[in-house]
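Below you'll find the structure, written out as structure tokens, and then a few comments.
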Amino acid sequence: MRVHTPRTMRTNGFRKSFVLGVSVFVLLVYLFLNEYYHGGRGRFADVLGNVAPLWMRNRTMADAVDSEGGKNDVNTTAPTASATSYTFVYTTIGLDPQYPEPPGDLGTEVKIDTNDTEVSAMIQDGLINQGLNQYASDLMSVRRRLKDVRDPWCREPGRYPTDLPATSVVIIFYNEAWSVLVRTVHSILDRSPANLVREIVLVDDFSNLPHLKTQLEEYFASIPKVRIMRAPKRLGLIRARMFGGKSTKTDIITYLDAHVEVTVGWLEALIAPVAKNSTTITIPTIDWIDENNMKHRIEHAPTYVGAYDWDLNFGWWGRWSMKKKYENKMEPFDTPAMAGGLFTISRSFFERLGWYDEGFDIYGIENIELSMKSWMCGGKMVTVPCSRVAHIQKMGHPYLAKESKDVVRSNSIRLAEVWMDEYKGIIFDIYGIPHYLEEEFGSVATRKAVREAANCRPFQYYLENAFPEMHNPLVPGAFRGEMHNVALGNASCLTYRVEGNFLGMAPCDGLQKTQYWTHNYYQELNNYKNCIDAVSERVEVYGCHRSRGNQAWEYMVNTQQIRSVKRDTCLTLESRTNVTVTLVPCDASKPEQKWSVNFIELDVSMLIEAQKKT
């Protein structure tokens with residue numbers, strides 16, 4: 001039998017107190033570390049990075065990041081050789097060794113077993129609802145690491161001033177996938193110098209997905225720089241950008257889409273030209289995140305420039321096709337058009353340009369409007385090769401998924417009326433209308449007043465200085481107005497009536513409705529977006545598709561014939577009825593094949609000469 005003396009009892013009590021104290025201390029340390037990083041992958045490495053001595057943060061980028069994107073905690077680069085005490089600091093997370101390497105790390109593709117039918121179904125749901133492989137995105141870390149893909153010239157010490165101003169980053173989202181939106185924000189916080197990001201403004205354009213409500217607010221509650229705004233009703237992307245931009249607190253505004261991942265050095269490179277000249281708009285080099293597997297693809301973006309054709313739809317052209325050449329391919333270069341969602345702009349310049357046209361609906365063409373007026377109103381637009389931002393090009397446009405109105409048509413015609421001067425007729429021709437229809441598209445008086453107040457130059461100036469590579473908009477024999485068959489004379493007009501799908505000759509009424517035709521840039525015979533289609537020997541009318549093919553026609557000026565490019569036959573009045581038109585072999589001697597039209601008069605000599613020099 002053991003006897004507990006007072007001494008042994010004191011010893012046991014001390015041991016128990018010591019064990020309890022150590023346990024409490026360990027628990028407190030764990031809670032501190034967990035709270036410090038808000039939980040998640042790599043938290044211990046991140047904490048060490050945040051509490052590391054300052055001398056560790058002053059290492060050069062070459063020391064901080066290896067050639068594969070780096071697994072160090074802090075990434076730094078000195079902006080000037082004379083200011084070694086100042087560094088741009090980025091926080092990059094290390095991988096926690098207790099977890100396997102996360103899918104998609106360093107921009108690799110997410111590999112998925114598509115033989116699993118349940119997984120395949122989830123992938124298809126994401127592609128349909130989000131326009132991307134949401135299943136793959138959800139598998140990845142919301143703080144995915146990306147490699148530094150900049151050219152060595154961009155990384156050189158002293159490349160950017162030490163006193164760059166801060167910017168507000170504005171992101172519009174509408175029913176965005178959780179992982180995609182949150183990853184966008186984390187990439188900004190992790191790969192931007194903290195002193196250059198004043199705030200990140202998330203503008204909710206009346207989303208209805210529950211994870212974008214309280215859950216989103218709670219997630220970012222501990223990050224003061226993130227501010228969430230809620231639109232009181234559905235504004236559409238264009239008006240939502242203005243809603244968010246006007247609420248910002250800085251002189252410089254940076255817009256990003258809600259489905260991007262920025263890379264190291266992106267922000268300094270974008271801000272610097274705007275800080276130097278407030279009338280310059282900067283655009284990052286936009287890399288591609290493959291919407292099917294989330295792979296970061298970097299191979300093509302630096303060789304392309306934003307542009308568009310006469311339908312005003314944005315596209316990528318090769319830099320080699322541009323007339324202005326640059327000895328240093330890494331310098332910001334003049335650009336005729338932006339893709340739309342990613343750019344940095346001076347607030348004062350945006351205000352002088354009238355922000356966007358408030359008459360624009362939902363989405364589309366606002367990028368072309370801003371591109372044109374930036375050049376016409378005393379500024380310019382440049383692409384910045386040293387700023388690399390990866391963007392998911394979604395399948396389709398979720399903003400337009402449930403929109404019955406052709407908002408691109410409406411926005412295009414408003415833009416043309418305000419900004420394109422005598423060239424606006426080219427846009428009207430593409431849509432088969434005779435002139436601006438205020439009853440349909442609304443008044444543009446206030447927009448014209450904005451242009452006048454900003455003392456903007458003519459559209460011809462834009463073509464000559466920003467976009468001399470633009471194509472000649474006039475096809476041979478381009479015309480607009482009534483079409484008269486020579487066999488019948490000017491009292492009869494080619495007519496298309498939707499009711500009964502009638503196409504044929506009828507007495508002219510002069511109303512510019514069912515008898516108004518344009519032979520336009522896309523070689524169409526177009527009446528209010530209804531195009532004559534060479535089906536076989538028959539002609540029918542279908543919606544215009546701008547792909548030429550059956551809807552491509554050639555007006556032969558010398559013979560007045562209209563030839564189907566696809567069928568190599570001519571549009572002919574059927575003499576038996578003097579009403580029906582058909583396609584028969586071309587014969588210049590037949591008056592039934594001759595058509596009297598009004599040719600378009602427009603001086604495009606500058607564009608023709610520019611094309612000859614290409």
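The values are calculated or read from the model by the stated rules, or taken from the named source; none is laboratory data. Note that the structure is a prediction, hence the values are computed from the model and not measured. Cβ coordinates were reconstructed from backbone atoms using ideal geometry, including for glycine residues, and neighbour counts include every protein chain displayed. Remember, those area values only see protein heavy atoms, side chains included, never the ligands or the DNA or RNA. Shrake-Rupley method; radii C 1.70, N 1.55, O 1.52, S 1.80 Å.
Based on this model, can you work out whether THR383 counts as closer than 25 Å to THR250 by Cβ, within 14 Å of the chain's Cα centre (by Cα) and among the β-branched types (Val, Ile, Thr)? Explain how you work it out, then say what you get.
Details: closer than 25 Å to THR250 by Cβ: yes; within 14 Å of the chain's Cα centre (by Cα): yes; among the β-branched types (Val, Ile, Thr): yes.
Yes, satisfied.
List every residue pair whose Cβ atoms lie under 6 Å apart, where the two residues are 6 or more positions apart in sequence or sit on different chains, the first residue falls within segment 448-477 and is more than 23 Å from THR280 (Cβ to Cβ), and the second residue, located anywhere, is open to solvent by 50 Å² or more (accessible area, probe 1.4 Å) and assigned to a loop (DSSP other than H, G, I, E, B).
Matching pairs, first to second residue: GLY477/VAL557.
Considering only segment 566-614, state which residues are open to solvent by 40 Å² or more (accessible area, probe 1.4 Å), in a helix (DSSP H, G or I) and modelled with pLDDT of 95 or more.
Across segment 566-614, the qualifying residues are PRO591, GLU592.
Checking the conditions here, which among HIS391, HIS484 is in contact (Cβ under 8 Å) with a residue 60 or more places away in the chain, closer than 27 Å to ILE172 by Cα and not aliphatic (A, V, I, L, M)? Quick ask: steps written out before the conclusion?
Details: HIS484 fails: closer than 27 Å to ILE172 by Cα.
Just a single option satisfies the conditions, and that option is HIS391.
Which residue is most open to solvent (accessible area, probe 1.4 Å), if the candidates are limited to segment 481-503 and must be within 43 Å of the chain's Cα centre (by Cα) and small (Gly, Ala, Ser)?
Applying the filter and picking the extreme gives GLY500.
Cβ contacts < 7 Å: first residue touching a residue at least 40 places away in the same chain (Cβ under 8 Å) and at negative phi, restricted to segment 319-337; second residue in a loop (DSSP other than H, G, I, E, B) and buried (at least 18 other Cβ atoms within 10 Å of the Cβ), any location; separation 6+ or different chain. Result?
Pairs found: SER321/GLU469; MET322/GLU469; LYS323/PRO468; LYS323/GLU469; ASP334/ALA466; PRO336/ALA466; PRO336/PHE467.
Could you tell me whether any residue of segment 518-535 is over 30 Å from ILE413 (Cβ atoms) and of a type in the set (Gly, Ala, Ser)? If you could, list the steps in order and put the result at the bottom.
Residues of segment 518-535 over 30 Å from ILE413 (Cβ atoms): none.
No: segment 518-535 contains no residue that is over 30 Å from ILE413 (Cβ atoms) and of a type in the set (Gly, Ala, Ser).
Test each condition in (1) touching a Gly at 6+ places or on another chain (Cβ under 8 Å); (2) open to solvent by less than 30 Å² (accessible area, probe 1.4 Å) for ALA478 and report the one that comes out false.
Looking at each condition in turn, ALA478 falls short on (1).
When you scan segment 412-440, how many residues do you find that are touching a residue at least 60 places away in the same chain (Cβ under 8 Å) and over 20 Å from TRP517 (Cα atoms)?
Of the residues in segment 412-440, 2 are touching a residue at least 60 places away in the same chain (Cβ under 8 Å) and over 20 Å from TRP517 (Cα atoms).
List every residue pair whose Cβ atoms lie under 8 Å apart, where the two residues are 6 or more positions apart in sequence or sit on different chains, the first residue falls within segment 566-578 and is in contact (Cβ under 8 Å) with a residue 60 or more places away in the chain, and the second residue, located anywhere, is part of a loop (DSSP other than H, G, I, E, B) and surrounded by 14 or more Cβ atoms within 10 Å (Cβ to Cβ).
LEU573/ALA487; LEU573/LEU488; LEU573/THR580; SER575/ALA487; ASN578/ALA487; ASN578/LEU488
Only residues that are among the hydrophobic types (A, V, I, L, M, F, W, C) and either surrounded by 14 or more Cβ atoms within 10 Å (Cβ to Cβ) or farther than 30 Å from VAL604 by Cα (or both): list them for segment 504-518, please.
Initial filter on segment 504-518 (among the hydrophobic types (A, V, I, L, M, F, W, C)): 505-506, 508, 511, 517.
Residues satisfying the conditions are MET505, ALA506, CYS508, TRP517.
Hey, any hits in segment 321-333 for a residue that's touching a helix residue (DSSP H, G or I) at 6+ places or on another chain (Cβ under 7 Å) and farther than 23 Å from PRO468 by Cα?
So far as segment 321-333 goes, no, none of its residues is touching a helix residue (DSSP H, G or I) at 6+ places or on another chain (Cβ under 7 Å) and farther than 23 Å from PRO468 by Cα.
Quickly run through segment 99-129 and pick out the residues that are open to solvent by 20 Å² or more (accessible area, probe 1.4 Å) and closer than 30 Å to THR303 by Cα.
Within segment 99-129, PRO103, LEU106, THR108, GLU109, LYS111, LEU127 qualify.
If VAL389 satisfies all but one of (1) over 22 Å from VAL180 (Cβ atoms); (2) out of contact with any Asp or Glu (no Cβ under 6 Å at 6 or more places or on another chain); (3) not in a loop (DSSP other than H, G, I, E, B), what's the number of the condition it fails?
(1)
Check segment 464-471 and report whether any residue there is within 27 Å of GLU574 (Cβ to Cβ), surrounded by fewer than 21 Cβ atoms within 10 Å (Cβ to Cβ) and in contact with a strand residue (DSSP E or B) (Cβ under 8 Å, 6 or more places away or on another chain). Spell out the reasoning first.
Initially, segment 464-471 is screened for residues within 27 Å of GLU574 (Cβ to Cβ), giving none.
No, segment 464-471 has no match at all.
Based on this model, can you work out whether GLU537 counts as closer than 18 Å to GLU574 by Cα, surrounded by fewer than 21 Cβ atoms within 10 Å (Cβ to Cβ) and of a type in the set (D, E, K, R)? Explain how you work it out, then say what you get.
Numbers: closer than 18 Å to GLU574 by Cα: yes; surrounded by fewer than 21 Cβ atoms within 10 Å (Cβ to Cβ): yes; of a type in the set (D, E, K, R): yes.
The answer is yes for GLU537.
Hey, can you tell me all the residues within segment 548-595 that are hydroxyl-bearing (Ser, Thr, Tyr), more than 44 Å from the chain's Cα centre (by Cα) and within 20 Å of ALA506 (Cβ to Cβ)? Full working, then the answer.
To start, the set of residues in segment 548-595 that are hydroxyl-bearing (Ser, Thr, Tyr) comprises 555, 559, 564, 569, 572, 575, 577, 580, 582, 589.
Okay, now just the ones that are also more than 44 Å from the chain's Cα centre (by Cα), so 559, 572, 575, 577, 580, 589.
Matches in segment 548-595: THR572, SER575, THR577, THR580.
Report the residue count in segment 496-529 for those that are in contact with a Gly (Cβ under 7 Å, 6 or more places away or on another chain), farther than 21 Å from PHE599 by Cβ and of a type in the set (Val, Ile, Thr).
0
Can you tell me which residue in segment 484-539 is farthest from LYS590 (Cα to Cα), limited to those that are in a loop (DSSP other than H, G, I, E, B) and of a type in the set (Asp, Glu)? Quick ask: steps written out before the conclusion?
Of all residues in segment 484-539, those in a loop (DSSP other than H, G, I, E, B) come to 486-491, 498, 508-516, 520-524, 528-529, 535-538.
Retained after the next criterion (residues that are of a type in the set (Asp, Glu)): 509, 524, 537.
Values: ASP509: 26, GLU524: 23, GLU537: 17 Å.
Among residues in segment 484-539 that are in a loop (DSSP other than H, G, I, E, B) and of a type in the set (Asp, Glu), the one farthest from LYS590 (Cα to Cα) is ASP509.
When you go through (1) open to solvent by less than 70 Å² (accessible area, probe 1.4 Å); (2) over 35 Å from the mean Cα position of the chain (by Cα) one by one for CYS531, which number turns out not to apply?
(2)
Can you tell me which residue is farthest from GLU524 (Cα to Cα) among those in segment 446-463 that are open to solvent by less than 30 Å² (accessible area, probe 1.4 Å) and of a type in the set (Phe, Trp, Tyr)?
Taking segment 446-463 as the starting set, the residues that turn out to be open to solvent by less than 30 Å² (accessible area, probe 1.4 Å) are 447, 454, 456, 459, 462-463.
Okay, now just the ones that are also of a type in the set (Phe, Trp, Tyr), so 459, 462.
Values: PHE459: 25, TYR462: 27 Å.
Among them, the one singled out is TYR462.
When the residues of segment 130-167 are filtered to those that are without any contact (Cβ under 8 Å) to a residue 40 or more places away in the chain and either assigned to a helix (DSSP H, G or I) or within 21 Å of PRO100 (Cα to Cα) (or both), which remaining residue is most open to solvent (accessible area, probe 1.4 Å)?
Going residue by residue through segment 130-167, those that are without any contact (Cβ under 8 Å) to a residue 40 or more places away in the chain are 135, 139, 152, 156, 163.
Subset that is either assigned to a helix (DSSP H, G or I) or within 21 Å of PRO100 (Cα to Cα) (or both): 135, 139, 152.
Values: TYR135: 60, LEU139: 75, PRO152: 93 Å².
Among those residues, the one meeting the criterion is PRO152.
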